[in-house]
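Input: a single structure, listed below in structure tokens.
The values are calculated or read from the model by the stated rules, or taken from the named source; none is laboratory data. Bear in mind that the values here come from a model prediction, so they are computed numbers and not experimental data. When we count neighbours, we look across all protein chains shown, and the Cβ atoms used for this are built from the backbone with ideal geometry, even at glycine. Surface areas here come from the heavy atoms of the whole protein model, side chains and all, with no ligands, DNA or RNA. Shrake-Rupley method; radii C 1.70, N 1.55, O 1.52, S 1.80 Å.
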Amino acid sequence: MRSILIVSILVFCFLNCKDTTKKISDKKTTGNEIVCSDSACEGIYEGPEFVNGSDVAHQFSNAMSAKVGDQLKDLFIKGAYSQVDFSKIRMSTKGMGSGQVVYQLFIPFVSVTKKCDAFTSFDHVGGWNHAPALSARKAQLGPALMPDDSLHISALKTTPEGLQEYWIQWRNKITQALCD
């Protein structure tokens with residue numbers, strides 16, 4: 001009888017014990033986050049500028065470009081035809097040059113009435129303390145264009161700390177195939 005009681009207590013404890021171990025979040029500890037809405041995408045990278053010689057902080061521009069392109073395609077599919085408003089893009093790179101940086105980006109959208117006036121692809125070319133290779137990027141993106149289309153490129157955007165970016169948008173030849 002006593003052994004049944006002990007086994008019962010152990011089973012009870014085993015079944016009712018809560019897991020007290022901390023779960024590791026999928027979110028990176030650097031605080032990277034990009035949030036998009038119908039009017040903008042904004043985000044922040046907080047962490048090292050370089051890891052093993054690679055400019056990881058500047059790679060946040062790649063992540064933002066991908067999210068903006070995805071959001072522009074989603075908006076297009078919903079009939080909310082949009083473009084990036086180049087004039088209102090905001091960038092800041094506090095701490096750049098110190099080894100640790102807080103890189104913030106705000107990429108706003110503006111509505112257009114005609115679906116073929118929308119842009120559904122987005123990219124960038126930039127430099128972390130060096131001039132962007134704009135000619136090379138234009139050549140790389142050329143095959144992505146529909147016939148007789150062109151890239152729409154922002155004026156050079158810079159931060160006081162030395163980040164330089166050109167932002168680029170165009171009509172996606174798959175998403176906007178009927179606009180050919």
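Side notes on the structure shown:
- Number of positions in region 38-47 that are open to solvent by less than 40 Å² (accessible area, probe 1.4 Å) and acidic (D, E): 0
- Of the residues I89, I24, I77, I4, the single one that is modelled with pLDDT of 95 or more and open to solvent by 40 Å² or more (accessible area, probe 1.4 Å) is I77.
- For region 129-139, the set of residues classified as in contact (Cβ under 8 Å) with a residue 12 or more places away in the chain and either part of a loop (DSSP other than H, G, I, E, B) or within 17 Å of the chain's Cα centre (by Cα) (or both) consists of N129, H130, A131, P132, listed by residue number.
- Of the residues L156, L151, L105, L141, the single one that is within 16 Å of H58 (Cβ to Cβ), at pLDDT 95 or above and surrounded by fewer than 20 Cβ atoms within 10 Å (Cβ to Cβ) is L156.
- All positions within region 48-63 that are crowded, with 18+ Cβ neighbours inside 10 Å and not in a loop (DSSP other than H, G, I, E, B): F60, S61
- The lone criterion from (1) modelled with pLDDT of 95 or more; (2) more than 19 Å from the chain's Cα centre (by Cα); (3) open to solvent by less than 40 Å² (accessible area, probe 1.4 Å) left unmet by G162 is number (1).
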